[in-house]
1. For the stretch 59-82, what are the residues that are in a loop (DSSP other than H, G, I, E, B) and within 14 Å of Y24 (Cβ to Cβ)?
2. Determine, yes or no, whether L13 is part of a helix (DSSP H, G or I), open to solvent by 90 Å² or more (accessible area, probe 1.4 Å) and modelled with pLDDT under 95.
3. Name the residues in the stretch 50-84 that are touching a strand residue (DSSP E or B) at 6+ places or on another chain (Cβ under 7 Å) and open to solvent by less than 20 Å² (accessible area, probe 1.4 Å), would you?
4. Determine which single condition E95 fails, assuming it passes every other condition in (1) open to solvent by 100 Å² or more (accessible area, probe 1.4 Å); (2) modelled with pLDDT under 95.
5. How about the stretch 32-49: which of its residues are open to solvent by less than 90 Å² (accessible area, probe 1.4 Å) and either touching a Cys at 6+ places or on another chain (Cβ under 7 Å) or not in a strand (DSSP E or B) (or both)?
6. Can you find a residue that is in contact with a Gly (Cβ under 8 Å, 6 or more places away or on another chain) and closer than 23 Å to E95 by Cβ anywhere in the stretch 53-65?
Amino acid sequence: MRVFPKPVENVLLTLNSFKKMTLYSNFFSNAVESVETKEKEVLITYSSNIAKEYVYNCEDVPAFTNNLCSVLISNELQQDGGSVGSFIHRSRKEEVLTEQ
């Protein structure tokens, strides 16, 4: 019989407090260098100044990420709707992304 140590709850707490971050940078765009998503934020580096990162609030990061992935698929397939710059512009205009 194998006995596990008692403080298993501490491990679960540590895992639950893990903050997931995803970096998207392997795409073609004249305007956007990279997009990084965090728990309630989206960080964007524009091609015009790759030394600066812009941080935006985002209330629904999973929905933003799903939409971004659709754009990235179209981008990869060179289809209409694959412009990352247009998607970011639209997300800001519709206040999906708001400045901090």
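1. Filtering the stretch 59-82 for residues in a loop (DSSP other than H, G, I, E, B) gives 59-60, 77-82.
Scanning the stretch 59-82 gives a single hit, G82.
2. Working: part of a helix (DSSP H, G or I): yes; open to solvent by 90 Å² or more (accessible area, probe 1.4 Å): yes; modelled with pLDDT under 95: yes.
Criteria met by L13.
3. The answer is Y56, C58, V61, F64, L68, V84.
4. Failing condition for E95: (2).
5. Here is the first cut: in the stretch 32-49, the ones open to solvent by less than 90 Å² (accessible area, probe 1.4 Å) are 32-38, 41-47, 49.
Result: K38, E41, V42, S47, N49.
6. Of the residues in the stretch 53-65, the ones in contact with a Gly (Cβ under 8 Å, 6 or more places away or on another chain) are none.
Looking through the stretch 53-65, none of the residues is in contact with a Gly (Cβ under 8 Å, 6 or more places away or on another chain) and closer than 23 Å to E95 by Cβ.
The values are calculated or read from the model by the stated rules, or taken from the named source; none is laboratory data. Everything quoted here is computed from the prediction, not taken from an experiment. We place every Cβ from the backbone using ideal geometry, glycine too, and count neighbours over all the protein chains shown. The area values use the complete protein model at the heavy-atom level, side chains included, leaving out ligands, DNA and RNA. Shrake-Rupley method; radii C 1.70, N 1.55, O 1.52, S 1.80 Å.
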